[in-house]
Ligand SMILES: Nc1ncnc2c1ncn2[C@@H]1O[C@H](COP(=O)(O)OP(=O)(O)OP(=O)(O)O)[C@@H](O)[C@H]1O
């Protein structure tokens with residue numbers, strides 16, 4: 001869409017709070033429709049609880065925060081890509097649609113593996129201390 005048409009589009013506006021509300025609406029929709037996002041959010045709640053119980057350091061909080069944000073952001077982008085692909089191809093089977101969806105899922109997988117490594121690196125020493133010392 002060129003700049004002139006973009007300005008003319010009736011849903012286009014430039015108020016920060018309206019854009020903010022749209023972003024919140026997007027999060028609400030993703031929460032309602034995406035089982036994986038709800039699963040990752042539940043994991044996030046568990047990680048935060050464990051971090052509070054073990055009183056992790058500020059640096060460890062930052063690593064956990066980075067991992068959590070990375071997974072949730074990848075999950076949201078994956079969801080957006082899935083929706084755009086479905087918008088374009090509908091229910092038709094399509095090689096490029098499959099490629100796009102699988103690559104987007106790959107991003108979520110990498111973020112999740114990174115988070116797992118961060119979580120184990122931080123929590124294993126605390127668990128070791130609790131059970132073996
Ligand atoms: N239009 C399509 N054409 C060909 N293959 C598709 C198409 N849509 C989906 N697929 C394949 O089916 C898999 C499952 O698709 P789906 O849209 O259910 O996403 P998903 O990976 O299960 O993610 P989520 O659980 O977040 O919805 C995709 O990873 C892709 O390999």
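The values are calculated or read from the model by the stated rules, or taken from the named source; none is laboratory data. Note that the structure is a prediction, hence the values are computed from the model and not measured. So basically every Cβ, Gly included, is an ideal-geometry build from the backbone, and we count neighbours across all protein chains shown.
Among the numbered conditions (1) within 12 Å of the chain's Cα centre (by Cα); (2) closer than 27 Å to residue 120 by Cα; (3) more than 15 Å from the ligand (Cβ to nearest atom), the only one that residue 61 does not meet is (1). Of the numbered conditions (1) modelled with pLDDT of 95 or more; (2) assigned to a loop (DSSP other than H, G, I, E, B); (3) more than 16 Å from the ligand (Cβ to nearest atom), residue 12 fails exactly one; give the number of that condition. Going through (1) modelled with pLDDT of 95 or more; (2) assigned to a loop (DSSP other than H, G, I, E, B); (3) more than 16 Å from the ligand (Cβ to nearest atom) one by one, residue 12 breaks only (1). The one condition from (1) away from the ligand (no atom under 11 Å from the Cβ); (2) touching a helix residue (DSSP H, G or I) at 6+ places or on another chain (Cβ under 9 Å); (3) closer than 30 Å to residue 12 by Cβ that residue 28 does not meet is (2).
Residues in region 91-103 that are surrounded by 12 or more Cβ atoms within 10 Å (Cβ to Cβ), within 8 Å of the ligand (Cβ to nearest atom) and assigned to a helix (DSSP H, G or I): 97, 98, 101. Among the numbered conditions (1) touching a residue at least 60 places away in the same chain (Cβ under 8 Å); (2) within 15 Å of the ligand (Cβ to nearest atom), the only one that residue 50 does not meet is (2).
Suppose we filter region 64-85 for residues that are farther than 30 Å from residue 123 by Cα and either within 7 Å of the ligand (Cβ to nearest atom) or in contact (Cβ under 8 Å) with a residue 60 or more places away in the chain (or both); how many remain? Quick ask: steps written out before the conclusion?
Of all residues in region 64-85, those farther than 30 Å from residue 123 by Cα come to 80-85.
Now narrow it down to the ones that are either within 7 Å of the ligand (Cβ to nearest atom) or in contact (Cβ under 8 Å) with a residue 60 or more places away in the chain (or both): 82, 85.
So the answer is 2.
Flag: residue 128 does not match the condition of being in contact with a helix residue (DSSP H, G or I) (Cβ under 7 Å, 6 or more places away or on another chain), surrounded by fewer than 16 Cβ atoms within 10 Å (Cβ to Cβ), free of Cβ contacts under 8 Å to residues at least 24 places away in the same chain and assigned to a helix (DSSP H, G or I). Restricted to region 37-58, and to residues there that are within 17 Å of residue 108 (Cα to Cα) and touching a helix residue (DSSP H, G or I) at 6+ places or on another chain (Cβ under 6 Å), the residue that is surrounded by the most Cβ atoms within 10 Å (Cβ to Cβ) is 40.
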